[in-house]
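In what follows, a structure is listed as structure tokens, so that the remarks can point back to it.
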Amino acid sequence: MTGIAALRTAPLSARIGLAIVATYLFCLLFAPLVAPYGETEIVGGPWAGGFWDPAAEGPATLLGTDHLGRDVLSRLIYGARNSIMLALLTTTLSFLTGTTLGLLAAVRGGLIDQALSRLVDLVMAFPTLIFALLVLAVAGSTLPVLIGVIALLDATRVFRIARAVAMDVAAQDFVEVARLRGEGTGWIMRREILPNIVVPLATEFGLRFCFVFLFIATLSFIGLGIQPPTADWGSMVRENAAAISFGILMPLFPAGAIALLTIGINLVIDWAAAGNHGLSDER
Amino acid sequence: MLTETGGVPLLVMRDLVIEASGAGRPQRIVDGIDLELHAGEVLGLIGESGAGKSTIGLAALGYVRPGCRFAGGTIHFNGQNLLDLPPQHRRALRGTRIAYVAQSATASFNPAHRLIDQAVETATRQAGMGRRQAEQEARELFARLALPDPDRIGERFPHELSGGQLQRVMIAMAMICRPDLIVFDEPTTALDVTTQVEILACVRDVVEAFGTAAIYITHDLAVVTQLAHRIVVLRHGRIVEEAPTRAMLAAPRETYTRSLWAVRKIRKAPEPDHGAALLELAGVGASYGSVPVLRDVSLTVGKGRTVALVGESGSGKSTLARVVAGLLPPTAGRVLLQGGGLPGRLRDRSRDELRRVQLIHQSPDAALNPHHSIRETIGRPLQLYNGLKGAARAARLYELMALVELKPELLDRLPNALSGGQKQRVCIARALAADPELLICDEVTSALDQVVQADILAMLQRLQKELGLSCLFITHDIATVRAIADEVVVMRHGAVVESGPRDTVLEAPSDAYTRLLLSCVPDVDPDWLTRLLQQRAIPGDMHDAL
């Protein structure tokens, strides 16, 4: 079909990006099958083993063990599940809120637009990290709170983008025709404008996903994100940061996993945005 | 007029091919053109959009737009093949020996610089003219082109001048190095008719005075006949017909050439006045913010009749349409539909009131949602107003498509798969789907080519007769008025200056402005401009009268 045809003509960078994303997705879906050990299973001494040290004692571990002696590779694979799913959920939530409110502001204009835009300005005036820290410190670092806070903060950015692109479309004659016909706000938002802004929003989704992902990693790194013993790339970096001073490579693996996924997703987005491949909308 | 034909031609194009590299295989937008232009000669290039006129005009400068390339043939200017010259030599010719005047002067000037600095730039940088001399030259040209206050106007910024004045500054800028050839690319298309006349007179004056050869590109036959010695008709990147102006007007050989007259031939048989008024406007005023745009406008559209609303840009005719449609609440007066008052605000109107008044926009590209199929587009009002579903809706859709002379296969296409004329027919079908009583047509044919315009106007006439529609038809084109209107209302500065039956207003106008407006509409007659200018030279001409 067209998707497969588009894949065949995809440039090398896009293929690399797709391969990276596919690998991560595979790990995410089949973590228990792929991972050699359990998520919290202690398999050896702290910071031992690894492919660079074939003479090490204990069971074979490709990437060694962490500060508690758990298998790093297994935790990376389980961590993909937590980190990616959380980021995906948060980004989706922020897009639902941001796009809906952005479209509403663009279509209704006037007082509603003013109220929403100023509210968003207000939230954006706080530094993101400080605001998140504050809320997490007050409400406690539980998963729903984490998702809610990050989604809210991110929705302000989505709102701005959605409102700006929707404004352009809302000025078109066909929207005027719909108003003249007596269509309601909901119809104009959903049927007249939304299909025309899907491409820029999808591009933004990819970028936002990476930001959210890094933000969760940041929060986990300072101890407010996903709580142990659940595996998560950000907290894995934090827990093992001290190892760097002993010349142990271990903390670089989760950091690398984060970097690689970010690069992979961006490669795919660049390709999708340039040719709109894989997205059905072409203007 | 041109007499000499001997000697080497100034510009010779031989078998010129220009390709555009779009998605997929390259497309020939200019396909084997042969052209010759002698010194001092004016050549008119005419054709509909996409005929390759502008591309050929730019090719005379040895230039192609990004994404296009010269794929064959030669362009000899003064015996040199432009295509063999290195880019820097080609660039040196542009502006000095070959000049270009673009369609939109407003978009072509840099808003951050004073006009004089822009006018002398090529002369001082390319032609090595001294700054003082170049400015002196520019001022003389400003005076020659009848710009107000020619000694100081150069100190102004582009936004301080009107579109017509800017166009004249651009002509001065092109003339400053006394080029051998000027390419005029639709220099009057964006202007009102009264301004157009002035620009045409300027162009003819400077071209004759300096003996410059010119290529004049336009889609308006009447305009080109005023200036060109010879006319080339283009279509799909090829030459359809080429002949001296008078010979072509007297005896056009090709059917396509004759079709360029099409719109001008349609005449509407006047519809009898039944006396019953459908739409009545009484003392309507409106404003954008604190700027008043309509003052005390009253008019009546009778049942089954067409009223043409005529005026230049800024006269408030489109604003009036918006008031009737409910997009702009009036600040004064009343809008009555069949005796009943129409609420000023859209949201205060009932669904039935919305249904009875339908607006058709100027640009069908913008008026159709690119993501809705034709079926969705036309089907939506059917569902919304009449609650039609399933088979009944499908049957009505086929009926409507037949009514606007479109094939039913198009129903499942998206708008971008349709031509401009087809899109406008879809817009009309969408309006008809609501079963309206009043159609407001806002310049519905302006964005279309002449031949397509004629078809759409003929169709609108037929529809009106069959369905008994009343129509408020907004246009700036007098040929269109002749084709469609029963009555004419002339507007200026937001007020009605004259109204009455079509033939009375067009043949025996009583208002001075109407007379000026009508006198500025070019005829397909090479002597029209000369006659008009002679008339105006007589003391007490119409400009003074205003």
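Quick one: what pairs do we get from region B:484-503, first residue without any contact (Cβ under 8 Å) to a residue 24 or more places away in the chain and of a type in the set (D, E, K, R), second surrounded by fewer than 19 Cβ atoms within 10 Å (Cβ to Cβ) and in a loop (DSSP other than H, G, I, E, B), C-beta under 6 Å, 6+ apart or different chains?
Taking only residues 6 or more apart or on different chains, the pairs are B:Glu498/B:Asp511.
Quick one: which residue in B:Leu336, B:Leu382, B:Leu388, B:Leu320 is surrounded by 21 or more Cβ atoms within 10 Å (Cβ to Cβ), closer than 20 Å to B:Pro436 by Cβ and away from chain A (no Cβ under 14 Å)?
Details: B:Leu336 fails: surrounded by 21 or more Cβ atoms within 10 Å (Cβ to Cβ); B:Leu382 fails: away from chain A (no Cβ under 14 Å); B:Leu388 fails: surrounded by 21 or more Cβ atoms within 10 Å (Cβ to Cβ).
Criteria check complete, one pass: B:Leu320.
Is it true that B:Thr188 is modelled with pLDDT under 90, polar (S, T, N, Q), out of contact with any Lys or Arg (no Cβ under 7 Å at 6 or more places or on another chain) and not in a loop (DSSP other than H, G, I, E, B)? I'd like the intermediate steps shown before the answer.
Values: modelled with pLDDT under 90: yes; polar (S, T, N, Q): yes; out of contact with any Lys or Arg (no Cβ under 7 Å at 6 or more places or on another chain): yes; not in a loop (DSSP other than H, G, I, E, B): no.
When the stated conditions are applied, B:Thr188 does not pass them.
What pairs come out if I take residues in region B:529-542 that are closer than 16 Å to B:Val203 by Cα and small (Gly, Ala, Ser) and pair them with residues that are surrounded by 12 or more Cβ atoms within 10 Å (Cβ to Cβ) and at pLDDT below 55 whose C-beta lies under 8 Å away, six or more apart or interchain?
No pair meets every condition.
Only one of these conditions is not met by B:Ile538: (1) among the β-branched types (Val, Ile, Thr); (2) in contact with a helix residue (DSSP H, G or I) (Cβ under 8 Å, 6 or more places away or on another chain); (3) modelled with pLDDT under 85. Which number is it?
So B:Ile538 meets the others, but not (2).
Every residue, every condition in (1) of a type in the set (Ser, Thr, Tyr); (2) at pLDDT 90 or above; (3) loosely packed, with under 15 Cβ neighbours inside 10 Å, yes or no:
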residue	(1), (2), (3)
A:Leu122	no, yes, yes
A:Thr128	yes, no, no
A:Val169	no, yes, no
A:Leu180	no, yes, no
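With respect to B:Gly164, is the statement that it is under 22 Å from B:Tyr216 (Cα atoms), out of contact with any strand residue (DSSP E or B) (no Cβ under 8 Å at 6 or more places or on another chain) and not aromatic (Phe, Trp, Tyr) true?
Details: under 22 Å from B:Tyr216 (Cα atoms): yes; out of contact with any strand residue (DSSP E or B) (no Cβ under 8 Å at 6 or more places or on another chain): yes; not aromatic (Phe, Trp, Tyr): yes.
Judged against the criteria, B:Gly164 is a match.
Only one of (1) of a type in the set (Ser, Thr, Tyr); (2) surrounded by fewer than 21 Cβ atoms within 10 Å (Cβ to Cβ); (3) more than 16 Å from B:Thr96 (Cα to Cα) is not met by B:Thr225, so which one is it?
(2)
Right, A:Ala243: in a helix (DSSP H, G or I), surrounded by 15 or more Cβ atoms within 10 Å (Cβ to Cβ) and at pLDDT below 80 or not?
Details: in a helix (DSSP H, G or I): yes; surrounded by 15 or more Cβ atoms within 10 Å (Cβ to Cβ): yes; at pLDDT below 80: no.
Considered against the rule, which asks whether it is in a helix (DSSP H, G or I), surrounded by 15 or more Cβ atoms within 10 Å (Cβ to Cβ) and at pLDDT below 80, A:Ala243 comes out as no.
Does B:Ile116 satisfy the criteria of being in the same structural domain as B:Leu10 (by TED's automatic domain parsing) and at pLDDT 90 or above? Working first, answer last.
On the way: in the same structural domain as B:Leu10 (by TED's automatic domain parsing): no; at pLDDT 90 or above: yes.
Here the answer is no, as B:Ile116 does not meet what is asked.
Out of B:Thr122, B:Thr96, B:Thr74, B:Thr55, which single residue is of a type in the set (Val, Ile, Thr) and surrounded by fewer than 16 Cβ atoms within 10 Å (Cβ to Cβ)?
Values: B:Thr122 fails: surrounded by fewer than 16 Cβ atoms within 10 Å (Cβ to Cβ); B:Thr96 fails: surrounded by fewer than 16 Cβ atoms within 10 Å (Cβ to Cβ); B:Thr55 fails: surrounded by fewer than 16 Cβ atoms within 10 Å (Cβ to Cβ).
Answer to the check: B:Thr74.
It is to be established whether one or more residues within region B:343-366 are in contact with a Lys or Arg (Cβ under 8 Å, 6 or more places away or on another chain), without any contact (Cβ under 8 Å) to a residue 60 or more places away in the chain, within 28 Å of B:Gly302 (Cβ to Cβ) and not assigned by TED's automatic domain parsing to the domain that holds B:Ala286.
For region B:343-366, residues in contact with a Lys or Arg (Cβ under 8 Å, 6 or more places away or on another chain), without any contact (Cβ under 8 Å) to a residue 60 or more places away in the chain, within 28 Å of B:Gly302 (Cβ to Cβ) and not assigned by TED's automatic domain parsing to the domain that holds B:Ala286: absent.
Does region A:212-229 contain at least one residue that is over 30 Å from B:Pro415 (Cα atoms), surrounded by fewer than 17 Cβ atoms within 10 Å (Cβ to Cβ) and free of Cβ contacts under 8 Å to residues at least 12 places away in the same chain?
Yes, region A:212-229 has at least one match.
Evaluate region B:297-307: report whether one residue or more is in contact (Cβ under 8 Å) with a residue 24 or more places away in the chain, polar (S, T, N, Q) and touching a helix residue (DSSP H, G or I) at 6+ places or on another chain (Cβ under 6 Å). Full working, then the answer.
At the first step, the residues of region B:297-307 found to be in contact (Cβ under 8 Å) with a residue 24 or more places away in the chain are B:297-299, B:301-307.
Next cut, polar (S, T, N, Q) only: B:298, B:306.
Narrowing further to those that are touching a helix residue (DSSP H, G or I) at 6+ places or on another chain (Cβ under 6 Å): B:306.
Yes - at least one qualifying residue is present in region B:297-307.
So in region A:161-202, with the set limited to residues that are of a type in the set (Gly, Ala, Ser) and within 9 Å of chain B (Cβ to nearest Cβ), which one is farthest from the chain's Cα centre (by Cα)? Before you say what the answer is, go through the steps one by one.
Of all residues in region A:161-202, those of a type in the set (Gly, Ala, Ser) come to A:162, A:164, A:166, A:170-171, A:178, A:182, A:184, A:186, A:202.
Now narrow it down to the ones that are within 9 Å of chain B (Cβ to nearest Cβ): A:178, A:182.
Working: A:Ala178: 36, A:Gly182: 39 Å.
Among residues in region A:161-202 that are of a type in the set (Gly, Ala, Ser) and within 9 Å of chain B (Cβ to nearest Cβ), the one farthest from the chain's Cα centre (by Cα) is A:Gly182.
I'm trying to understand the selection: among the residues of region B:136-153, which are over 18 Å from B:Ala99 (Cβ atoms) and assigned to a helix (DSSP H, G or I)?
Correct list: B:Gln136, B:Arg139, B:Ala143, B:Ile153.
Would you confirm whether any residue within region B:417-434 is more than 13 Å from every other protein chain (Cβ to nearest Cβ), crowded, with 20+ Cβ neighbours inside 10 Å and of a type in the set (Val, Ile, Thr)?
no
Can you find even one residue in region B:364-374 that is surrounded by fewer than 17 Cβ atoms within 10 Å (Cβ to Cβ), closer than 16 Å to B:Ala431 by Cβ and within 14 Å of another protein chain (Cβ to nearest Cβ)?
The answer is no; no qualifying residue exists.
The values are calculated or read from the model by the stated rules, or taken from the named source; none is laboratory data. Values in this document were obtained by computation on a predicted structure and should not be read as measured data. Note that each Cβ is placed from the backbone with ideal geometry, even for glycine, and that neighbours are counted across all protein chains shown.
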